[in-house]
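Okay, so here's the structure we're looking at.
The values are calculated or read from the model by the stated rules, or taken from the named source; none is laboratory data. Computed from a prediction, not measured in an experiment: that's the story for all the values here. Cβ: placed from backbone, ideal geometry, glycine included. Neighbour counts: every protein chain shown.
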Amino acid sequence: MREDTLDYFLNALGALFRTRRIFPPGQRQVRLAARQAAQRLSVWGGPIRITLLGDEAIIEEQRLEILPSSFKALFQSLLESGCERVHIEADASAADLMDWIDHLVSRRKGPYRNPKIVAGRLSLEKPSLCSPTPLQAVPALLGLLAHTQESISDLESKKPEGLVRAQEIVRAIASRLALSKEIFDPIRELKDFDQYTFTHALNVSTLSSSLARVARFPAEMVNTIALAALCHDLGKSQLPHDILIKGDILDPDEKAAMEKHPVYGVRLLLDTPGVESENPLLPVVAYQHHIGANHSGYPKVPAALSSHKLHPASLIVAVADIYDALRTVRPYRPAMSVAKSCSILLQEAMSGKLDRGYVSLFLTLIGVLAPGRSVVLSDGTRTVILRTNANDPLTPVVEREDGDAQDLSLLSNLSIQEVKDETA
Ligand SMILES: [Fe+2]
Ligand SMILES: [Fe+2]
């Protein structure tokens, strides 16, 4: 019954949007539709929060994969205007709703805010400073530092000055967790459920925040990305354990189940008190981290949203996620070398699945694009990096075996395809 009431409101809101697109503001038809929507809202009786994630809308407690047809045009327009989040107070009036819909229909860019309705991007607002809760969680988290350090020790040995110390990062995450105890519970459950997934989450968090730092995101954003990375695979706790440990050799049904983990993660995070209001980036990264910069991954992005760009935090976490997975020993395969893992990142960047800019920064961060490194070009020739290119690290000056130097920034048909373990 209560869900019906919500559907009635969404339908009425959709009708207001359609009517306003046909008639100018202030027309009788528009006023009637606005009054109808405001009345439906008062029957619902509470505030309404709408979050748009790809083709899924999360409206209050309902996750609507199939939207009411009358709401679809409004949903599309919200996405096109850059809105990913709307909050409507229970007592928003017909005039408030009309003003907001006017804003949308007239395609004004940027967020919308009146005292009763706020619409805009999933922002990265600073969390409200509730009093820190003394947490047993923090020492537990710091106790896992050894794993994090171990996994990035190879990176640190190559270029220590370019990396943020693992300890600093985990401390930052821990202090963040101290502000929001509720977030820690699902993470702790994940640890109990599968140690690999938990350690992987810590590693991805460390690598992502290092990458975000060298990408010059503000410190607050670096911490938020660290936390979002820590939570990126939470949805895996909803999968059967035997699927998790099978890795890359899944049958089609198991693969389909595995590909649900981003959606499960969003649901879990949105069910966690405080996440939606204080850490809205967390469900975004959980949802987007396998989509791919070119939308070639999963969950599938509908054709109508093909121009929709992923959040930079999701692009960063995707790079760290793939790298850590390749560098870790799994029951079904050994860990790959740094060079082999980096070569795969390069291929994924060239195919468009990973963001080229973040892959380039990452390879610089871990020191594999330094002078003296052997690299194979896309024409199969083996070369050695002579000079790096600060503007575009993926196009350094290289020396071929016959002694010729080539500046890859001037040769658009040639790129680095593979990184070799050895240096000259
Ligand atoms: Fe994942
Ligand atoms: Fe992952």
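Here V398 passes the criteria (1) of a type in the set (A, V, I, L, M); (2) assigned to a helix (DSSP H, G or I); (3) buried (at least 20 other Cβ atoms within 10 Å of the Cβ) except the one numbered (2). Within region 401-417, take every residue that is in a strand (DSSP E or B) and over 34 Å from the mean Cα position of the chain (by Cα) and give me the one that is surrounded by the most Cβ atoms within 10 Å (Cβ to Cβ). Restricting to residues being in a strand (DSSP E or B) and over 34 Å from the mean Cα position of the chain (by Cα), the top hit is Q406. With respect to the stated conditions, V359 fails to be surrounded by 17 or more Cβ atoms within 10 Å (Cβ to Cβ), in contact with a Phe, Trp or Tyr (Cβ under 6 Å, 6 or more places away or on another chain) and in a helix (DSSP H, G or I).
Looking at the structure I just gave you, is I245 in a helix (DSSP H, G or I) and not acidic (D, E)? Write out each step before concluding.
Numbers: in a helix (DSSP H, G or I): yes; not acidic (D, E): yes.
Judged against the criteria, I245 is a match.
Being over 17 Å from A304 (Cβ atoms) and either small (G, A, S) or surrounded by fewer than 19 Cβ atoms within 10 Å (Cβ to Cβ) (or both) narrows it down to one residue among A95, A73; which is it? Quick ask: steps written out before the conclusion?
Values: A73 fails: over 17 Å from A304 (Cβ atoms).
Answer to the selection: A95.
Of the residues making up region 192-232, those that are more than 13 Å from ligand 2 (Cβ to nearest atom), out of contact with any helix residue (DSSP H, G or I) (no Cβ under 6 Å at 6 or more places or on another chain) and at pLDDT below 80 are D192, Q195, A219, E220.
Residue count for region 311-331 satisfying the condition of being away from ligand 2 (no atom under 13 Å from the Cβ), touching a residue at least 24 places away in the same chain (Cβ under 8 Å) and assigned to a loop (DSSP other than H, G, I, E, B): 2.
Test V266 against the criterion of being under 21 Å from G120 (Cα atoms), at pLDDT below 80 and among the aliphatic types (A, V, I, L, M), and give yes or no. I'd like the intermediate steps shown before the answer.
Details: under 21 Å from G120 (Cα atoms): yes; at pLDDT below 80: no; among the aliphatic types (A, V, I, L, M): yes.
So V266 fails the test.
Scan region 275-290 and report the pairs whose first residue is outside any helix (DSSP H, G or I) and whose second residue is polar (S, T, N, Q), with Cβ atoms within less than 8 Å and a gap of 6+ or a chain change. Once the first residue is outside any helix (DSSP H, G or I) and sits in region 275-290, its partners that are polar (S, T, N, Q) give N279/S180; N279/T224; P280/T51; P280/S123; H289/S314. Inspect region 211-221 for any residue being within 12 Å of ligand 1 (Cβ to nearest atom), closer than 30 Å to N391 by Cβ and under 14 Å from the mean Cα position of the chain (by Cα) and give the result as yes or no. Scanning region 211-221 turns up no residue that is within 12 Å of ligand 1 (Cβ to nearest atom), closer than 30 Å to N391 by Cβ and under 14 Å from the mean Cα position of the chain (by Cα).
Give the residues of region 233-274 that are polar (S, T, N, Q), touching a residue at least 40 places away in the same chain (Cβ under 8 Å) and either under 17 Å from T197 (Cβ atoms) or within 14 Å of ligand 2 (Cβ to nearest atom) (or both), sorted by residue number.
Initially, region 233-274 is screened for residues polar (S, T, N, Q), giving 237-238, 272.
Those left that are additionally touching a residue at least 40 places away in the same chain (Cβ under 8 Å): 237, 272.
Listed by number, the list holds a single entry, S237.
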